[in-house]
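**Student:** Would you mind keeping the following structure in view while I ask a few things?
The values are calculated or read from the model by the stated rules, or taken from the named source; none is laboratory data. Note that the structure is predicted; figures quoted are calculated from it, not measured. Methodologically, a virtual Cβ is constructed for each residue, glycine included, from the backbone with ideal geometry; neighbour enumeration extends over all protein chains shown.
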């Protein structure tokens with residue numbers, strides 16, 4: 001087995017790339033993709049910690065499975081919001097959906 | 001390690017699988033004639049010249065089918081471990097599973113009532 | 001450190017997943033971005049196999065590549081984002097600096113001192129005894145994960161109804 | 001990693017252990033994938049011959065005895081055809097799509113147990129692996145449609161993908177039933193659990209659901225909207241020519257036979273049959289049963305007309321999905337009640353025919369009850385549609401149209 005920190009470094013790099021995408025991309029769909037990358041980095045960390053530290057418990061796997069649920073729900077609703085905003089305002093840039101700003 | 005042995009097979013298989021279709025395509029690439037011209041390489045629309053963008057506006061219906069599929073997919077995937085362990089468990093497991101599936105049906109019923117599942 | 005088949009596989013999967021991730025955040029064309037996202041998540045599925053969680057690997061491929069990818073491509077087509085966005089990034093330099101700073105902070109501040117320098121936390125404490133079937137048992141036991149299991153179903157149903165309400169054209173429009 | 005069989009021989013012969021392992025793995029891969037690759041060449045001939053007979057034609061009969069070499073002639077033709085890549089296409093994805101489409105089908109064969117001792121890999125999550133790999137094909141179609149940069153290809157791909165994902169739901173729900181009965185997701189153990197009784201007899205509705213959705217997944221009539229020539233020009237592969245088109249074509253043929261094999265593995269006892277002990281005979285049983293199912297698939301394909309997409313979607317979302325969900329609920333309940341009454345064994349692997357007989361009878365009765373309800377429903381729906389059509393016709397006749 002490779003040492004635990006190998007996984008942690010890769011997951012951290014994945015998370016930072018995702019963060020960059022969320023901060024920098026202008027397109028809402030691309031922002032959501034970056035969020036998926038971040039969730040995935042979290043999942044890798046979770047499973048790696050489970051495997052290396054507490055493989056005798058089921059919690060790590062169960063948590064990772066529930067993160068899939070959250071990721072799916074997030075993608076479904078997030079994309080629906082982007083489609084709805086696009087339909088009403090002809091724009092996919094999150095900053096421009098600012099009707100609620102005073 | 002026995003388990004990883006099985007996955008090593010899958011790994012080699014996954015690398016090898018695209019090679020099988022790639023091989024005949026490569027052979028064809030060597031054998032076939034290649035005389036492209038402007039007319040031949042046009043987008044094919046039964047001889048009519050292409051007008052405008054390929055990115056015609058699609059209806060939101062496709063997205064809704066994809067969305068409902070995604071939700072069902074995740075739920076089915078969670079049901080698989082439950083089904084695997086089913087023989088080992090008592091009657092409580094059946095109740096858990098039935099409630100899980102009934103909650104899922106709620107969403108389907110909503111989609112039925114709103115008529116989003118009918119192809120228009 | 002000796003080079004084993006697991007190490008090689010790890011490096012390959014790391015390259016796939018990080019390369020795919022860079023593709024996602026830099027690509028101009030969003031359909032290609034979706035494909036890059038799938039490549040990246042496929043690499044992560046490889047990690048799950050190496051970590052003895054094949055169930056999660058299968059879920060990863062099934063849910064992400066089978067369903068979320070399709071959803072993203074549909075959304076990309078619906079919003080026609082290719083034609084109306086010429087600039088990809090906002091405040092590019094600051095954001096690159098922020099991401100790199102975050103990475104350095106994580107490595108130097110957390111992973112380095114806690115995990116790299118600590119020989120106890122480098123190899124697994126024991127081999128895996130829990131498998132997919134135990135996960136299923138945990139889902140169906142009242143003193144374990146039965147409640148979160150039901151809540152997951154509730155969350156998904158709520159997400160489905162919510163997303164249908166948001167995405168659907170309103171009745172008078174049709 | 002362990003080292004037995006071929007690997008051990010090579011290792012003894014003086015090779016490095018790692019290399020010996022790799023060579024034996026590679027040999028296994030070639031052996032396992034050889035079966036589908038050889039089969040597909042003859043499947044095309046079989047399909048054309050049977051289609052011809054059903055349509056009262058002779059079919060290929062010029063090249064070789066009974067036209068057996070027709071496929072090779074076609075192969076040579078495809079190899080020397082000019083291959084056009086439209087200038088508007090996204091070259092990388094355009095070329096990658098046929099590879100993924102074909103590979104996704106071949107990869108399923110990695111987990112299929114040919115005999116109790118001969119299989120590619122015995123994965124703990126075999127069923128999910130198979131579904132996951134098959135879903136790569138959907139992505140390949142989407143990519144092909146998009147990369148062609150053609151309105152018809154994209155439109156066709158969208159419709160196909162919407163259809164494929166819809167029919168995946170009843171398919172996966174049907175697969176929950178064998179997993180539940182066998183208590184395992186390994187395809188090998190699922191077949192072993194059918195030693196006493198085939199799951200197709202315990203849960204025929206699941207088998208039918210799987211068959212129908214498999215027919216739709218492979219785009220066979222009455223669900224052949226994928227290649228609805230009259231509506232979509234050709235669908236997602238309109239811009240493909242030469243060998244790349246051939247790969248989509250071969251993938252579809254192979255997928256039909258793969259689904260027949262999977263149906264046998266999940267519901268019709270895999271290698272089990274009289275005299276199954278011998279590996280060669282076991283393999284023949286698997287092939288024989290799969291061929292029968294393949295023939296039924298062809299028969300349906302060549303007999304029924306194509307449905308409209310709204311009908312196909314309606315049939316899935318308003319009939320198949322609720323039925324597959326109800327099916328899982330009913331079977332789960334019946335199995336649990338029988339287990340609590342001590343009438344059913346907790347583990348079907350190794351259970352004898354006598355032990356599973358009560359469970360089989362009760363499940364079969366439940367399935368027949370469900371089946372009668374469905375048939376009644378379909379009957380009423382058909383009659384209503386017929387009466388409505390008759391009314392419309394008589395109104396038209398009264399107007400003197």
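**Student:** Tell me which of these residue D:324 doesn't satisfy, since it passes every other one: (1) assigned to a loop (DSSP other than H, G, I, E, B); (2) within 14 Å of chain B (Cβ to nearest Cβ); (3) in contact (Cβ under 8 Å) with a residue 40 or more places away in the chain.
**Tutor:** Single failed check for residue D:324: (1).
**Student:** Taking the range C:10-31, which residues are at pLDDT 90 or above and surrounded by fewer than 24 Cβ atoms within 10 Å (Cβ to Cβ)?
**Tutor:** C:10, C:11, C:12, C:13, C:14, C:15, C:16, C:18, C:19, C:20, C:22, C:23
**Student:** Conditions first: (1) more than 30 Å from residue A:68 (Cα to Cα); (2) facing chain D (nearest Cβ under 7 Å); (3) at pLDDT below 90. Residue B:47 passes all but one, so which condition is the exception?
**Tutor:** For residue B:47, the exception is condition (2).
**Student:** Can you tell me which residues in the range D:31-46 are out of contact with any helix residue (DSSP H, G or I) (no Cβ under 6 Å at 6 or more places or on another chain) and at pLDDT 85 or above?
**Tutor:** Selection gives D:46 alone.
**Student:** Look through the range B:100-120, keep the residues that are within 7 Å of chain D (Cβ to nearest Cβ) and assigned to a loop (DSSP other than H, G, I, E, B), and return whichever of them is nearest to residue C:158 (Cα to Cα).
**Tutor:** Only one residue tops the list, namely B:117.
**Student:** Just checking, which of C:6, C:107 is modelled with pLDDT under 90, more than 21 Å from residue A:27 (Cα to Cα), in contact with a helix residue (DSSP H, G or I) (Cβ under 9 Å, 6 or more places away or on another chain) and within 11 Å of chain D (Cβ to nearest Cβ)? Spell out how you get there, then give the answer.
**Tutor:** Details: C:107 fails: within 11 Å of chain D (Cβ to nearest Cβ).
Testing whether each residue is modelled with pLDDT under 90, more than 21 Å from residue A:27 (Cα to Cα), in contact with a helix residue (DSSP H, G or I) (Cβ under 9 Å, 6 or more places away or on another chain) and within 11 Å of chain D (Cβ to nearest Cβ) leaves just C:6.
**Student:** I would also like to ask the following. Could we say that residue D:329 is in the same structural domain as residue D:191 (by TED's automatic domain parsing) and either part of a loop (DSSP other than H, G, I, E, B) or in contact (Cβ under 8 Å) with a residue 40 or more places away in the chain (or both) here? First the steps, then the outcome.
**Tutor:** On the way: in the same structural domain as residue D:191 (by TED's automatic domain parsing): yes; either part of a loop (DSSP other than H, G, I, E, B) or in contact (Cβ under 8 Å) with a residue 40 or more places away in the chain (or both): no.
For residue D:329, the condition - in the same structural domain as residue D:191 (by TED's automatic domain parsing) and either part of a loop (DSSP other than H, G, I, E, B) or in contact (Cβ under 8 Å) with a residue 40 or more places away in the chain (or both) - is not met.
**Student:** Additional query: Just checking, which of D:94, D:129, D:117 is part of a helix (DSSP H, G or I), farther than 16 Å from residue B:19 by Cα and more than 8 Å from every other protein chain (Cβ to nearest Cβ)? Step through it out loud before you land on a result.
**Tutor:** On the way: D:129 fails: more than 8 Å from every other protein chain (Cβ to nearest Cβ); D:117 fails: part of a helix (DSSP H, G or I).
Selected residue: D:94, the only one of D:94, D:129, D:117 that is part of a helix (DSSP H, G or I), farther than 16 Å from residue B:19 by Cα and more than 8 Å from every other protein chain (Cβ to nearest Cβ).
**Student:** Oh, and also: Hey, does the range C:131-138 have a residue that's more than 10 Å from chain B (Cβ to nearest Cβ), within 23 Å of residue C:49 (Cα to Cα), modelled with pLDDT under 85 and in a loop (DSSP other than H, G, I, E, B)?
**Tutor:** Filtering the range C:131-138 down to residues more than 10 Å from chain B (Cβ to nearest Cβ) leaves none.
No, because not a single residue in the range C:131-138 is more than 10 Å from chain B (Cβ to nearest Cβ), within 23 Å of residue C:49 (Cα to Cα), modelled with pLDDT under 85 and in a loop (DSSP other than H, G, I, E, B).
**Student:** Can you tell me which residue among A:10, A:29, A:69, A:85 is crowded, with 19+ Cβ neighbours inside 10 Å, more than 13 Å from the chain's Cα centre (by Cα) and at the interface with chain C (Cβ under 7 Å from one of its Cβ atoms)?
**Tutor:** Checking each option against the conditions leaves just A:10.
**Student:** Restricting the range D:71-84 to residues that are outside any helix (DSSP H, G or I) and in contact (Cβ under 8 Å) with a residue 40 or more places away in the chain, which is nearest to residue B:50 (Cα to Cα)? Let's see the steps before the verdict.
**Tutor:** In the first step, residues of the range D:71-84 are kept if they are outside any helix (DSSP H, G or I); the result is D:80-84.
With the extra rule that they be in contact (Cβ under 8 Å) with a residue 40 or more places away in the chain, the set shrinks to D:81-84.
Values: D:81: 25, D:82: 23, D:83: 21, D:84: 17 Å.
Filtering first and then ranking leaves D:84.
**Student:** For the range D:263-274, does any single residue satisfy the condition of being within 23 Å of residue D:33 (Cβ to Cβ) and surrounded by fewer than 24 Cβ atoms within 10 Å (Cβ to Cβ)? Let's see the steps before the verdict.
**Tutor:** Start the filter on the range D:263-274 by keeping residues that are within 23 Å of residue D:33 (Cβ to Cβ), which leaves D:263-266, D:270-271.
Narrowing further to those that are surrounded by fewer than 24 Cβ atoms within 10 Å (Cβ to Cβ): D:263.
Among the residues of the range D:263-274, at least one is within 23 Å of residue D:33 (Cβ to Cβ) and surrounded by fewer than 24 Cβ atoms within 10 Å (Cβ to Cβ), which makes the answer yes.
**Student:** Counting only residues that are at the interface with chain D (Cβ under 10 Å from one of its Cβ atoms) and within 10 Å of the chain's Cα centre (by Cα), which one in the range C:32-60 is surrounded by the most Cβ atoms within 10 Å (Cβ to Cβ)?
**Tutor:** Per the stated criteria, the residue is C:60.
**Student:** One residue is enough: does the range D:47-56 have a residue meeting the conditions in a helix (DSSP H, G or I), out of contact with any helix residue (DSSP H, G or I) (no Cβ under 8 Å at 6 or more places or on another chain) and within 10 Å of another protein chain (Cβ to nearest Cβ)?
**Tutor:** Kept after step one, since they are in a helix (DSSP H, G or I), are these residues of the range D:47-56: D:47-54.
Checking the rest, the ones that are also out of contact with any helix residue (DSSP H, G or I) (no Cβ under 8 Å at 6 or more places or on another chain) come to D:52-53.
Retained after the next criterion (residues that are within 10 Å of another protein chain (Cβ to nearest Cβ)): none.
No - not one qualifying residue is present in the range D:47-56.
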